[in-house]
Every structure is written in structure tokens, then in C-alpha cells.
């Protein structure tokens, strides 16, 4: 079976979707060697026009730079048995996709509209739309986020994704939401696979919590509205002002259009370590040194950064939104909060007394997300879509 995983952005740009495509393709190939898998993106010449369009959609706020954040050599080493192809035009994309038995892509607005209204699904293999972009933003604060909710609930969008043979949903909210529009046969919910066992034997080597009486709190992600940068900045300001400044160190990693807000924080407080963008291969070095991970995201599908933090046994404090609550079980492997004041209160509580234990968190998530079962479901989804089951 020949599988194409198509995402308009190059893998070198980084991000959760790129990480998912790489890890899932590797995991499937390892377990099912008969699969022929290719990762397909647009090249830089095509991307510059796509990003221009996206910049207009985001009212000029989205980063249009073509800077590669991940090293291509690292990506190639990770996917030695996977083909990585770049195409320079829509016509070349069509001719390339026609070579495969099934195409897996995301529910991103551009990719959905491209396949439906430009390529018209004509002469293409069956399509699986994977819902890696939240279709609904629960906490909207800007015109763009409200526009997103309007478009993703529109008949134009729903009609477009109806052209996919299968819809791969990754959280309970989306499963319930799209179950109202499509048959049970069309939709399937499968969480992200993740190998939590990698760190299970190393747990005793991790640094103990709160060394020298200082708790290290990590935040990793894109510096955008979605990730709640305003709330992150306010948390740092508020908690540092409560007299806990000397008991906490903030580790912030990421890049994006709201970077100036973080730089202002760094200038104001000397207990913040801002690392800029950190490549995927280096994230583990950060997480093994910290005591607590926080996610201030306003909307998510199935956040990779929380999975990564949990793989190091870190408790996570996050808003009680879909995606986050699919991973976190309150008081078991983290804390879900309903508003900013509760967020601040829980962090203060955990700075003073962290009652979580890394070993218990690791075992909990490992049991909750059995990667072998998840990969088997993914393989069955691909076979069902092709029609070989």
C-alpha cells in the first residue's frame, strides 16, 4: 500500500503537524514494513505565495518568513525509510498524488479548499482528512479567531471535507461535533501515538524537584494568540509580584509574532530564561531539568507539547479545553483550570508543594495511550480507506 502524507508547509518549518507526520510515518513503517510512505510538501517557490494569502487571512499578523527551524539532515535521519518530496506547483502536486493508494492530509482550510475546489478530488486516490487544526476555538478574543469559527462551521467548509472518504478526529469534542454532520462510518477517532516508555527507565536519573528551593516552570510553543501569550505574560508578572520571584525560574521556548511580549518580560524580570525556537531534538534536554509544565493555549486539537512533557513525568497545568482534557485527567497527571485566577492559584500551590510524582505520571499516561493499539487503528484506517478490509 502506497501512502502520501500531504501538508502544504515544509517539514523544516517545524510545528506539531510536521512532528506528527514524521513520527507517525516512522511508527507505521516500523510496524508495517510493506507500506510505502511519502511525505509531500510544497517547495519554497510555491510556499511564498501561499503564505502571502495566509498573511491576508490573519490580517498580516502571521509570520511569512521561510526560515527553516528544523535541520533537514535531522529530518532525513529520522525518516530514512520514508520518501520526502517537494512540489513546486498545484499541477505537480496532482500528478504526484495520483501515484498513491491513499492520501492523508490535514483539515487545514487551505488544504481542504485546494483538494475540493481546485483539484476537485479529480483522478485522486481516496482522501483522509486528519483534524490537526481545531475546527472550533472555544476562547475567542480577536476578529481572526471569530472568523475561523465562522468559516470552519460554514457549508462551504463542511461540503469540502465531505469529499474525504474518512475523517480522522483526534479528540472527543471533534468526534461529537462532526458526528452531528457525518455518519459513524465516515468518522474515526484515534489519538496521537507516543512512546512514553523511552524515559521510564531513566526516571531516577532526572534531577529532583525544586533543587536549591527553586521550582523550574517550562512553557514551550509558538508565540501566537492561540497559545495564550497574554495569559503567560500575566502569569509571570502576577506570580513574580507575589513574593515568589526567588522561588521560581521560568523557562520559555518558542518563536512567533508575539515574541516582543516575551522580550519585554525578560527585560523586566531576571528569573526568566528565554531560549527562542528550540529544535525538536533539543526539547528533551529542557524537560528533564524542570519541575512543572504549563500550557496557556486557548484552543488545541491534541497538543504535542503536553505529550512531550508527560513523557518526562511532568505535571501539566492547562485550561480545561478540548485537546488538553483528552490528555490530562485532573489530579492524576496534571491540573485543568477554568479561568485565569484558578490558573495562577494552581501554579502558586505547586510552587509551594508539588504533590505529583514523575513515576506515577509516566505510568498513568503510558497506560492511557497504548501506542501499539493506536498504530494498529491507524493501519486499519488506511486499509479501510483504500478498501482492502
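How high is the FRET efficiency from residue 91 to residue 144, r the C-beta distance, R0 25 Å, rounded to 0.05?
Values: r = 31 Å, r/R0 = 1.24.
E(calc), rounded to 0.05, equals 0.20.
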Legend entry - Whole-Å distance, taken between Cα centres, linking region 282-315 and region 77-125: 31
Inset, instruction - Give the whole-number value, in cubic angstrom per residue, of the convex hull volume spanned by the C-alpha atoms of region 196-368. - result: 102
Legend entry - GNM result for the chain, Cα springs below 10 Å: residue of 138, 125, 33 fluctuating most strongly: 33
Legend entry - Rough spin-label spacing in nm, given labels placed 7 Å along Cα→Cβ, for residue 340 and residue 1: 4.7
Inset, instruction - Sort 277-287, 1-11 for me by packing, meaning the mean count of neighbouring Cβ atoms within 10 Å per residue, highest on top. - result: 1-11, 277-287
Inset, instruction - With springs only between Cα atoms under 10 Å apart, run a GNM on the chain and tell me which of 92, 29, 363 wobbles the most. - result: 92
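Report the gain in length on full extension from residue 275 to residue 352: 0.36 nm times residue separation, minus Cα-Cα distance, nm rounded to one decimal. Don't skip to the end; give the middle numbers.
Details: separation 77, 0.36 × 77 = 27.72 nm, distance 2.54 nm.
Length difference between fully extended and current span is 25.2 nm.
So how do 357, 325 line up by other beta-carbon neighbours within 10 Å, fewest first? Display every interim value, and only then the final one.
On the way: 357 13, 325 18.
If I rank by nearby Cβ atoms, fewest first, I get 357, 325.
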Legend entry - region 2-50-region 349-378 distance, computed between alpha-carbon centres (Å): 27
Legend entry - Computed label-point distance, nm, for sites residue 367 and residue 237 using a 7 Å Cα→Cβ extension: 4.3
Inset, instruction - Report the extension gain between residue 49 and residue 81 in nm, rounded to one decimal, defined as 0.36 nm multiplied by the number of residues separating them, less their alpha carbon distance. - result: 8.4 nm
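Each value in this text was obtained by applying a stated rule to the coordinates, not by laboratory testing. What you are looking at is a predicted structure, and each value in this text was computed from that prediction instead of being measured. Using ideal geometry, Cβ is built from the backbone for each residue, glycine included, and neighbour counts are taken over all protein chains shown.
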